[in-house]
1. Would you be so kind as to identify which of V19, L169, I63 lies farthest towards the positive end of the dipole of the chain, taking Lys and Arg as +1 and Asp and Glu as -1 on Cβ and the Cα centre as origin?
2. For the stretch 8-124, give the magnitude of the charge dipole about the Cα centre (Cβ charges: +1 Lys/Arg, -1 Asp/Glu; no others), in debye to the nearest 20.
3. What do you get for Rg/Rh of the stretch 1-124 when both radii come from the Cα atoms and Rh is the Kirkwood radius?
4. Given R₀ = 22 Å, FRET efficiency for S203-R134 by Cβ-Cβ distance, to 0.05?
5. So how do E15, E34 line up by other beta-carbon neighbours within 10 Å, fewest first?
6. Considering the chain as a Gaussian network with a 10 Å cut-off on Cα pairs, which listed residue, G78, G222, G30, attains the greatest mean-square fluctuation?
7. Once Rh for the stretch 134-227 is found with the Kirkwood sum over Cα pairs, what is the Stokes-Einstein diffusion coefficient at 37 °C and 0.692 mPa s, in µm²/s?
8. What angle, in degrees between 0 and 90 and rounded to the nearest 10, separates the Cα long axis of helix 111-124 from the longest principal axis of the Cα atoms of the chain?
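Please treat every number below as a calculation from the coordinates, not as lab data. Every value quoted in this text rests on a predicted model; they were computed, and no experiment measured them. Every residue, glycine among them, receives a Cβ derived from its backbone with ideal geometry; neighbour counts consider all protein chains shown.
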Amino acid sequence: MQEGEKLSVLVVDDEPNIVDVISMALRFEGFEVESAANGADAIAAVAARKPAVIVLDVMLPDIDGFEVARRLAGARTGVPILFLTARDATEDIVHGLTVGGDDYMTKPFSLEELVARIRTVLRRSGHGVERSPRLVFGDLELDEDTREVSRGGRPIELTATEFRLLRYLMLNPRRVLTRSQLLDHVWQYDFGGDARVLETYISYLRKKVDVEEPPLIHTVRGFGYALRLPRG
């Protein structure tokens, strides 16, 4: 891979909402994303443009994911496969890893864990996808490995949900993130609770992060929220 070139992930799932959420998360992590809604299209996509990794559902409307993996292995594509499926029986997991899967995750799932497992699969397949775990915006710093957060050198104690919310804002500085994007990423794609929980956690974050001036977490009325410096 040339420096600056993005790695491509093929997401294969017949549920559009899952494809959309995974694709959004991966693009924000710096990947290129293609998608397919069935097994035949997945095989064609691999033949047309070999991706770096495939995120593959098992229950597809034409041929199942296990058969897709078998055919790709028979074609000697060499593309690593991460199964992502609701089929969580031990025999399914063993079968998936036997027919050519490099990893196996079950639904419902954590986007953060999915991204981490994709990076692990890519490292094992020889792709260098390491990046710094330290995010910085102005005097605000977040370390993904140690889970430490500080502003102006002052440590900030965050809950797990507050950390995920701030991390997502810091991965997208100056970008307006909609309420749906934030709920999907921080509370996962199957969030079904009261959307006002987002406003509550934004308020919690502001009380911890924006103690010092200038405030960094801003409401964009009618759209969502953004991490940015105040406009003059």
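1. Of V19, L169, I63, it is L169.
2. In debye, rounded to 20, the stretch 8-124 gives about 600.
3. 0.92
4. It comes to 0.25.
5. Listing E15, E34 from fewest to most nearby Cβ atoms yields E15, E34.
6. Ranking G78, G222, G30 by mean-square fluctuation puts G222 first.
7. 244
8. Between helix and principal axis, roughly 50 degrees.
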